[in-house]
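A.B. asks: Let me begin by handing over the structure; questions about it come next.
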Amino acid sequence: MDPDEEYVRRRRWSVDEKRAIVEEAATSGNVIGTAKRYGIQAQQIYRWRERLFGPTEPAGFVAVSVVVDPPAALLAPMPEQGRPEEAPAPVLDGISDRIEIVSGGVTVRLPPGSAVPLIVAVATGLARRRP
């Protein structure tokens, strides 16, 4: 052992201490800062969290399908002569009631009833996307 190195004895943490550190990291939102404060690696906090509270579930996934849109000229029907244009009645058939976000030539379709945070995250991601 190098004479300049100092031997650091391994610390034993009680379950209550581990739980307090994990909760502090979660409430502060700064795992690295919390780890530094206690002189441990950030990975140690993640390991304790998994052992104390079980594995965390992923935020979630949404089914995505990529489809080619028909040309825009085919999408607009011609109004009949002499009849005023009427707004089409909403159709709740599971396809036309889905949520559609279009940005920069990319179209994302979300299923009906998608959670607002998911919709905001997708829209924000598309807005930040570089062409």
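Each reported figure results from applying straightforward, stated rules to the coordinates on display, with no laboratory input. On a predicted model such as this, the values are computed, not experimentally measured, just so you know. Methodologically, a virtual Cβ is constructed for each residue, glycine included, from the backbone with ideal geometry; neighbour enumeration extends over all protein chains shown.
A.B. asks: Quick query: amide H of residue 13 versus all other amide H atoms, modeled in the peptide plane; which residues come in under 5 Å with a sequence gap of 5 or more or a different chain?
C.D. replies: Here nothing satisfies the definition.
A.B. asks: Using a 10 Å cut-off around each Cβ, can you sort 61, 53 from fewest to most neighbouring Cβ atoms? Let's see the in-between values first.
C.D. replies: Details: 61 6, 53 12.
Starting with the residue having the fewest Cβ neighbours, the order is 61, 53.
A.B. asks: Provide the per-residue ³J(HN,Hα) series for region 51-57, in order, calculated from phi with Karplus coefficients 6.51, -1.76, 1.60 and θ = phi - 60°, each as a whole number of Hz, with x at glycine and proline positions.
C.D. replies: Karplus values, whole Hz, x for Gly and Pro: 5, 7, 10, x, x, 8, 7.
A.B. asks: Here's something else I'd like to know. I'd like to compare 20-32, 109-121: which one has the highest average count of other Cβ atoms within 10 Å, and what's the full order after that? Mind showing how you got there, number by number?
C.D. replies: Details: 20-32: 14.9, 109-121: 12.3.
Result, highest mean first: 20-32, 109-121.
A.B. asks: A further question follows. If each residue of separation counts as 0.36 nm, what is the full-extension length gain between residue 114 and residue 16 once their alpha-carbon separation is subtracted?
C.D. replies: Length gained between residue 114 and residue 16: 31.4 nm.
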